[in-house]
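Read through the structure below, which is laid out as structure tokens, and then see the notes.
The values are calculated or read from the model by the stated rules, or taken from the named source; none is laboratory data. On a predicted model such as this, the values are computed, not experimentally measured, just so you know. Neighbour counts are summed over all protein chains in view; Cβ atoms, including those assigned to glycine, are modelled from backbone coordinates with ideal geometry.
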Amino acid sequence: MFKIHREILEVENGAALGHRIDLENANLLIIEADLGYICCGYFNPETIEKLGDRAVVISGAKTLKEMLKKQPSYVSEKARELGINSKMTGRQCLNKLVEDKERNLEELEEGEEPDEIQIPS
């Protein structure tokens, strides 16, 4: 059975919603923010570019908080337009991807979805 965990991640410039899906051999991680997202190495950079997404790929992290400490393995062209680069930490990248701290945190806290969802495999 797969489990989906949600977590609010606060950084200096705002808050974002992180999702961790526990798969059989690894975790699928994504942090969604106002201006784009940070994802794990499961995501394909070629597809990110083809779709025109503003995204940062951070490989090798096992948790959402660990993603904030590591440097990106890939930064999309759209994300580079915001000043994001591969020498930044995930936290620095996320600070560039969030816009409004008060609005974000309030909206995220009001969400009605459970923190953990179980999906039969």
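Take R20 and tell me if it is in contact with a Leu (Cβ under 8 Å, 6 or more places away or on another chain), more than 17 Å from R80 (Cα to Cα) and of a type in the set (K, R). Against the criterion (in contact with a Leu (Cβ under 8 Å, 6 or more places away or on another chain), more than 17 Å from R80 (Cα to Cα) and of a type in the set (K, R)), R20 qualifies. Applying the criterion of at least 2 residues that are closer than 16 Å to K96 by Cβ to the helices (runs of 4 or more DSSP H) found wholly in region 9-83 leaves 64-69, 77-80. Scanning region 46-65 for residues that are of a type outside the set (A, V, I, L, M) and surrounded by 15 or more Cβ atoms within 10 Å (Cβ to Cβ) gives D53, R54, S59.
For the structure I just gave you, tell me whether R91 is crowded, with 16+ Cβ neighbours inside 10 Å, in contact with a Gly (Cβ under 7 Å, 6 or more places away or on another chain) and farther than 18 Å from R6 by Cβ. Considered against the rule, which asks whether it is crowded, with 16+ Cβ neighbours inside 10 Å, in contact with a Gly (Cβ under 7 Å, 6 or more places away or on another chain) and farther than 18 Å from R6 by Cβ, R91 comes out as no.
For residues in region 88-108 being in a loop (DSSP other than H, G, I, E, B) and under 29 Å from L23 (Cα atoms), which is modelled with the lowest pLDDT?
Quick first cut of region 88-108, residues in a loop (DSSP other than H, G, I, E, B) only: 88-89, 98-100.
The next check asks that each one be under 29 Å from L23 (Cα atoms); those that pass are 88-89, 98.
On the way: M88: 98, T89: 98, V98: 93.
Of everything passing the filter in region 88-108, V98 is modelled with the lowest pLDDT.
So is M67 closer than 22 Å to D22 by Cα, aliphatic (A, V, I, L, M) and modelled with pLDDT of 95 or more or not? In short, yes.
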